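Down below is the structure, laid out as structure tokens.
Coordinate-derived values only; no laboratory data. Remember, it's a predicted structure, so these values are computed and weren't measured experimentally. Don't worry about glycine lacking a Cβ; one is built from the backbone with ideal geometry, like all the others, and counts go over all protein chains shown.
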Amino acid sequence: MSPTHTARVASYLLAGATAALVLTGPAHAASSIESHADARKDLVSRDQLSDTPPSKPDPSRRLGDITTNEVAYGTDLVVTTRFLNLQNTGHQEFHWSIRTSGDDEAWDASYVINPRQAKGHFTLLDPIAAQPRCGGVTLDRPKRLVTLTIPASCLGTPVWVRAGNGVVFLVGGREYHDDARLDGTVRDGWKYGPKLVAS
């Protein structure tokens, strides 16, 4: 094999190895943001007094139907959820579950708005049910957005977090549920997104 041919083969191998690193590197890199769309018209409901899981589809229902969800983790954990309709009607509950690298059990956050009230009540519970005085929710009805913000320091500045979230709206004697990561299904607990590492 001539020196020129050997050099050419070596350059091809080096280029191929570099391309492999470029192509495979990001696939294994941890992300600090996750964004996805949730199916429209996928609300499920149940009777207010029922103990069975909500399973009746209601594709005509717009109020409380999640359309997009974004989770970002850096100095804060920020979960931004957009809805098809966010009119102030009935009893409305927004819920988040948060897993972290520093805790064996989940954190839970909720924002509950009672009928005819403009503002709701925010609650954050750590894994032992203590209530740290940090974090909050911003509700923008004209833009159909609800945003949860919790400082990373409040969560103990974990290496990674995973978030799950959904809503429960009560109108006219029925409960309407939507999981931000499930289409037309609600399980016992919200579905978690991927691990996010602070940038």
Exercise. Of K41/K195; K119/K143; K41/K143; K56/K119, which pairs sit farther than 21 Å apart, going by alpha carbon to alpha carbon?
Worked result: K41/K195; K56/K119
Problem set entry | Residue order, fewest to most beta carbons within 10 Å, for T52, T149 | T52, T149
Exercise. Quick one: if you stick a label point 7 Å off each Cα along the C-beta vector at D103 and T185, how many nm between them?
Worked result: 2.7 nm
Exercise. Gap in Å between the Cα centre of the stretch 67-138 and the Cα centre of the stretch 139-187?
Worked result: 6 Å
Exercise. Where does each of V167, V71, V159 land when they are ranked from fewest to most other beta-carbon atoms within 10 angstrom?
Worked result: V159, V167, V71
Exercise. Which translational diffusion coefficient, to the nearest whole µm²/s, is obtained for the stretch 31-197 from the Stokes-Einstein equation, given a Kirkwood hydrodynamic radius over C-alpha pairs, 37 °C and 0.692 mPa s?
Worked result: 205 µm²/s
Seminar exercise, completed: To the nearest 0.05, the calculated FRET efficiency linking E70 and R116 through their beta-carbon distance, R0 being 30 Å, is 0.50
